[in-house]
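Written below as structure tokens is the structure these notes are about.
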Amino acid sequence: MGKRFLLLWADPRDALVSLVYVLMLVGGENIFSASFVASQDMFGNEYHYLIRYWAFGLPGLVLMHAIGRKGDYHKLFPYAQRICVFLIGLLLFVDGYGKTLKGAQRWLILGPISFQPSELVKLAVILLGANYLGRLMEEGKQPHLLRKDTCLAFLEAAFMSFLVLIQPDMGTAAIILALMIVLYVVAGLPYREIFVLLASGAALATAAVIQAPYRLNRVLVWLDPRSDPQGNGYQAVQSFVAIGSGGISGMGHGMGSSKFFFLPEAHTDFAFAVFCQEWGFLGALLMLLVFIIMGLALYRIGKETQDRRGFLLVTGVNFLVVGQAIANMAMVCGILPVIGVPLPFISYGGTSLVITQAAIGLVLSVCRLEKAGRERAEAPQGAFRHQAERKGTGRWRP
């Protein structure tokens, strides 16, 4: 990683850290702008959501750097299975006794703190898949979904996804399952099984949509939001109005009108619409560019990682952060139906923010240990070991 990354940073690790700080500064500013009217109305304090954002965000930054500088991601892999079993129990508890908000039973309350266990599942699935599939790659084995000795991680992720789906939270459930599918594909899943998996996934998604009237309404609204602009299509229409009214350069910080109770979820899932209204097309383009550069930095880190499990871990985090960002932007712009996917660092959500920061910390840990391993390998006595570490299989083997 000695070459400069995009001529701006010493290496992709520096780029990743810098972009996290940029996104958090923009996220804090956008959350305040999107929420101060609702905060004043609900809590008598216009800074309520901003304070809570940094109450999670600052400890999350400390955690990110602590993991990156002192943590060893290898030590988490032996506990990946136990973590997932614990989270399955937690999801079952949430499905039975969790707090219900806006028709969904997704939250656990611990004193003044509420959190969504499903956000923890996203990172746990990455750890589980990286450990399970990384070992298969090291052994030169190809993963198959129809063989019991290579499909266990997928089945476990599918079960956790189902527990999240019945909360109901179809968006998060889809992300959890998609994370594991991506890791299987990268690890070398046969093309025939990829096709079967996509076809089966499309059939199951269609059944899930038809089975729940509110999901079917979301799809119909997505196809024609102006067919019911004051009902089911209200949120989508107001999102389009906010984005369109921003023009090229936007209305300016704090000047957007959508926050005045016109746009529901203005500081959470639809925070990007407020950003577009106040910073315009150019601001939205810069936001997209930041996430693209972050994706390239994560791809570069993964490509240069010799450890198979580390490579899959970085790949999963890339999909978790950048994949969610692209999905949220597409949802807000009407390219995808409303699926409840947050925009990392920009949407309000304490659990999501801390988990994302912890995931970035694990990537930084991969960078640090990879650099240390490469320095050892460059010594004469480590040359043979370095060559041995490169053996393995996978569709995109670094």
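The values are calculated or read from the model by the stated rules, or taken from the named source; none is laboratory data. Predicted model, so just to flag it, every value in this text is computed and none were measured. Glycine also receives a Cβ, built like all others from the backbone with ideal geometry; neighbour counts cover every protein chain displayed. These area figures cover heavy atoms from the full protein model, side chains too; ligands, DNA and RNA do not enter into them. Shrake-Rupley method; radii C 1.70, N 1.55, O 1.52, S 1.80 Å.
Dividing the Cα convex hull volume of segment 151-205 by residue count, how many Å³ per residue is that?
65
With unit charges on the beta carbons (Lys and Arg positive, Asp and Glu negative) and the dipole taken about the Cα centre of the chain, which residue among Phe260, Gln105, Gln116 sits farthest to the positive side?
Checking the options against the dipole of the chain, the answer is Gln116.
Of the chain, which part is the longest with no trypsin sites (Lys or Arg not before Pro) in a loop (DSSP not H, G, I, E, B) and with at most 13 other C-beta atoms within 10 angstrom?
Maximal segment without exposed cleavage sites: 149-389.
Rg(Cα) of segment 314-373 divided by 2.2 N^0.38 Å?
Rounded to two decimals, the normalised Rg is 1.32.
Using mean Cβ contacts within 10 Å as the protection proxy, how do 345-358, 235-248 order, highest first?
Put in order of decreasing packing, that is 345-358, 235-248.
Rg to Rh ratio, segment 29-184, alpha-carbon atoms and Kirkwood radius?
The Rg/Rh ratio comes out at 1.05.
Along the charge dipole of the chain, Cβ charges K/R +1 and D/E -1, which of Pro190, Tyr53, Val321 sits furthest on the positive end?
Value computed over the given set: Pro190.
Please work out how much length the chain gains when fully extended from Lys371 to His65, using 0.36 nm per residue of separation minus the C-alpha to C-alpha distance, in nm with one decimal.
108.5 nm
In whole Hz, what ³J(HN,Hα) sequence does segment 201-210 give by Karplus (6.51, -1.76, 1.60; θ = phi - 60°), x for Gly and Pro?
Each residue of segment 201-210 in turn: x, 5, 5, 5, 5, 4, 5, 5, 5, 5 Hz.
Kirkwood Rh over alpha-carbon pairs of the chain, then Stokes-Einstein at 20 °C and 1.002 mPa s: what D in µm² s⁻¹, rounded to an integer?
It diffuses with D of about 97 µm²/s by this estimate.
Under the Kirkwood approximation for Rh and a Cα-based Rg, what ratio Rg/Rh is obtained for segment 8-101?
Here the Rg-to-Rh quotient is 1.10.
Given charges of +1 on the Cβ of Lys and Arg and -1 on the Cβ of Asp and Glu, with all other atoms neutral, how large is the dipole of segment 198-273 about its Cα centre, in debye to the nearest 20?
0
Of the heavy-atom accessible surface of the chain (probe 1.4 angstrom), what whole percent is carbon and sulfur?
Its accessible area is 67 percent carbon and sulfur atoms.
Write out the chymotrypsin sites (Phe, Trp or Tyr not before Pro) in segment 7-96 meeting two conditions: DSSP loop, and at most 16 other Cβ atoms within 10 Å of their Cβ.
Those satisfying the criteria are Tyr47.
I'd like to check one number: the per residue accessible area of the chain, probe 1.4 Å, reported in Å² as a whole number.
It amounts to 47 Å² per residue over the chain.
From the helices alone, meaning DSSP H stretches of at least four residues, give me the mean residue ellipticity at 222 nm for the chain, per-run term -39500 (n - 2.57), in deg cm²/dmol to the nearest 500.
That comes out to -22000 deg cm²/dmol.
For segment 182-337, with only Lys/Arg (+1) and Asp/Glu (-1) charged at the beta-carbon, what is the dipole magnitude about the Cα centre, in debye rounded to 20?
Dipole of segment 182-337, to the nearest 20 debye: 280 debye.
Place a +1 charge on the Cβ of each Lys and Arg in segment 301-376 and a -1 charge on the Cβ of each Asp and Glu, then give the dipole magnitude about the Cα centre in debye, rounded to the nearest 20.
Approximately 240 debye in magnitude.
To check my understanding: the extent here is largest minus smallest coordinate of the Cα atoms along each principal axis. What are those three numbers for segment 131-263, in Å, largest first?
Computed over the Cα atoms, the extents are 58, 36, 26 Å.
Just report the Cα centroid separation between segment 244-315 and segment 154-203, whole Å.
Each part's Cα centre sits 25 Å from the other's.
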